[in-house]
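Structure first, then comments.
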Amino acid sequence: MVSFKKSSAFFSAVILLLGMSEVVSAQGLSPAQIAQFGAMSPAQQQRLAKQYGVSLPDLKPQPESAPQLAPTIEKPPVEVEPINDADSGLPLFGYSVFSGSPTSFTPIGDLPVPSDYIVGPGDEISIQLYGKENERHLLTVGRDGFINMPKLGPIAIAGKRFQQVRDDLTLRIKKQIIGADVAIGMGELRLMQVYVLGDAKRPGAYNLSSLSTVSQAIIAAGGIAETGSLRFIEVRRGTELVQKVDLYDLLLKGERASDIRLQSGDAVFIRPVTQRIAIEGEILRPAIYELKGRTPLAELVAVAGGVKPTGVRDVVQVKRLTNSGVQVYTQNLDEKAGAAFSLQGGDKVVIQPRAESYSSSIV
């Protein structure tokens, strides 16, 4: 059995096994003595403790702790300013115009009916006779497309334009009822079912007035979701694509040529948005806009309302996120090359303010 010259060496070694290394240092033991005691088996350590009359705690093998490595010094990640993110605080242009829902989809009875309105089953025709006879008839177009006119019998009118229906009925009534004048109008309009699909807030089928347009159907569906496009909307009638709608024409120019009236069974399909770009700073309408094809810098500035008088036109920054980080392009809007600078999805345009410091003074 291995023995120690001093009992204090034994107690210090025991303390060492209990994790109090500071006491070991105070005893002045050599590394060899510490290693000697540590190399003993638990049985040998118990016998040695018994020899010196000391109660030694059970020495259970302790789990090996993971080696403590020196902290690795890493390069801090580069904080990239978010581009076209909700955190930027910029609104999505145009989405609020179509958000929300009307309180009722019931057709309004006094809406003017355009002359090219297509009459269909469920519409009501108002016929006023005066002169020789004074009568008023409200006749509903049946499912077969006919109205049943007293004294004249069934008359087919479904599928015709309202102007044509008015002309045909006037001619026939005056021909068969001699001495009678006639005034023809529309009564209650039919409801129709249309579908709003794709990236709408509440896609589904809706019963709307037969005078409803694409934009009104979108409003009925709660508007366009943030993932949806305002510039790529399709109207499908069966298997046929009848209209492509770009709501920017309506929002920026007031043009409603593509905002056509729908027919029963039409589907309004909203495609997902593909590219967006942000513009902020000294611009009239700072917001996030949707790109459609190649967009020059000058076109985006015009869409956003133009540069404010307090903005700088010759130092316009375009921030672009690349694989190597954010690249900044400085452009001059008053130069041809700067105005034609092609933007990409994810870019952020910043219009800098003019300097407020005094350049000179007048005495």
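The values are calculated or read from the model by the stated rules, or taken from the named source; none is laboratory data. Keep in mind it's a predicted model, so treat the numbers as computed, not measured. Methodologically, a virtual Cβ is constructed for each residue, glycine included, from the backbone with ideal geometry; neighbour enumeration extends over all protein chains shown. Surface accessibility is based on the protein's heavy atoms, side chains included, excluding ligands, DNA and RNA. Shrake-Rupley method; radii C 1.70, N 1.55, O 1.52, S 1.80 Å.
Among the residues of segment 233-247, how many are surrounded by fewer than 21 Cβ atoms within 10 Å (Cβ to Cβ) and either part of a helix (DSSP H, G or I) or free of Cβ contacts under 8 Å to residues at least 40 places away in the same chain (or both)? So that I can check it myself, show each step before the final result.
Our first condition is that a residue be surrounded by fewer than 21 Cβ atoms within 10 Å (Cβ to Cβ); within segment 233-247, this holds for 234, 236-244, 246.
After this cut, where a residue has to be either part of a helix (DSSP H, G or I) or free of Cβ contacts under 8 Å to residues at least 40 places away in the same chain (or both) as well, the list is 234, 236-244.
Total meeting the criteria: 10.
Please specify each residue of segment 257-284 satisfying the condition of being of a type outside the set (Val, Ile, Thr), crowded, with 17+ Cβ neighbours inside 10 Å and over 30 Å from residue 123 (Cβ atoms).
275, 276, 278, 281, 282
Give the residues of segment 148-174 that are open to solvent by less than 80 Å² (accessible area, probe 1.4 Å), within 19 Å of residue 116 (Cα to Cα) and outside any helix (DSSP H, G or I), sorted by residue number.
Within segment 148-174, 156, 157, 158, 159, 160 qualify.
Out of (1) surrounded by 15 or more Cβ atoms within 10 Å (Cβ to Cβ); (2) farther than 22 Å from residue 226 by Cβ, what's the single condition that is false for residue 336?
(1)
In segment 175-188, is there at least one residue being open to solvent by 10 Å² or more (accessible area, probe 1.4 Å), in contact with a Gly (Cβ under 7 Å, 6 or more places away or on another chain), within 25 Å of residue 122 (Cα to Cα) and in contact (Cβ under 8 Å) with a residue 12 or more places away in the chain?
Of all residues in segment 175-188, those open to solvent by 10 Å² or more (accessible area, probe 1.4 Å) come to 175-179, 181-188.
Subsequent filtering for residues that are in contact with a Gly (Cβ under 7 Å, 6 or more places away or on another chain) retains 179, 181, 188.
From what's left, within 25 Å of residue 122 (Cα to Cα): 188.
This time we only want the ones that are in contact (Cβ under 8 Å) with a residue 12 or more places away in the chain, so: 188.
The answer is yes, given that some residue of segment 175-188 is open to solvent by 10 Å² or more (accessible area, probe 1.4 Å), in contact with a Gly (Cβ under 7 Å, 6 or more places away or on another chain), within 25 Å of residue 122 (Cα to Cα) and in contact (Cβ under 8 Å) with a residue 12 or more places away in the chain.
Out of all the residues in segment 248-266, which are in a loop (DSSP other than H, G, I, E, B) and farther than 25 Å from residue 118 by Cβ?
254
When the residues of segment 189-216 are filtered to those that are modelled with pLDDT of 95 or more and of a type in the set (A, V, I, L, M, F, W, C), which remaining residue is most open to solvent (accessible area, probe 1.4 Å)?
Among those that are modelled with pLDDT of 95 or more and of a type in the set (A, V, I, L, M, F, W, C), it is 197.
Residue 287: touching an Asp or Glu at 6+ places or on another chain (Cβ under 9 Å), over 30 Å from residue 119 (Cα atoms) and open to solvent by less than 50 Å² (accessible area, probe 1.4 Å), yes or no? Full working, then the answer.
Values: touching an Asp or Glu at 6+ places or on another chain (Cβ under 9 Å): yes; over 30 Å from residue 119 (Cα atoms): yes; open to solvent by less than 50 Å² (accessible area, probe 1.4 Å): yes.
Criteria met by residue 287.
Condition check ((1) within 21 Å of residue 248 (Cβ to Cβ); (2) modelled with pLDDT of 95 or more) across all residues:
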site: 268; (1), (2): yes, yes
site: 274; (1), (2): yes, no
site: 277; (1), (2): yes, yes
site: 283; (1), (2): yes, yes
site: 300; (1), (2): yes, yes
site: 310; (1), (2): no, no
site: 315; (1), (2): no, no
site: 350; (1), (2): no, yes
site: 360; (1), (2): no, no
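Please indicate, with yes or no, whether at least one residue in segment 145-154 is of a type in the set (D, E, K, R) and at pLDDT 90 or above.
Step one: filter segment 145-154 for residues of a type in the set (D, E, K, R), giving 151.
Adding the requirement that they be at pLDDT 90 or above leaves none.
The answer is no, given that none of the residues of segment 145-154 is of a type in the set (D, E, K, R) and at pLDDT 90 or above.
Go through (1) open to solvent by less than 80 Å² (accessible area, probe 1.4 Å); (2) of a type outside the set (Lys, Arg); (3) without any contact (Cβ under 8 Å) to a residue 12 or more places away in the chain for residue 300 and report which single condition fails.
(3)
Would you confirm whether or not segment 137-147 contains a residue that is open to solvent by less than 70 Å² (accessible area, probe 1.4 Å), more than 29 Å from residue 261 (Cα to Cα) and part of a strand (DSSP E or B)? Spell out how you get there, then give the answer.
Step one: of segment 137-147, the residues open to solvent by less than 70 Å² (accessible area, probe 1.4 Å) are 137, 139, 141-142, 145, 147.
After this cut, where a residue has to be more than 29 Å from residue 261 (Cα to Cα) as well, the list is none.
No: zero hits.
If we only count strands (runs of 3 or more DSSP E) wholly inside segment 274-363, which ones have 1 or more residues that are of a type in the set (S, T, N, Q)?
On the way: elements: 276-281, 287-290, 311-322, 325-331, 348-353.
Fully inside segment 274-363 and qualifying: 311-322, 325-331, 348-353.
Does segment 124-133 include one or more residues that are in a loop (DSSP other than H, G, I, E, B) and over 30 Å from residue 222 (Cα atoms)?
Yes - at least one qualifying residue is present in segment 124-133.
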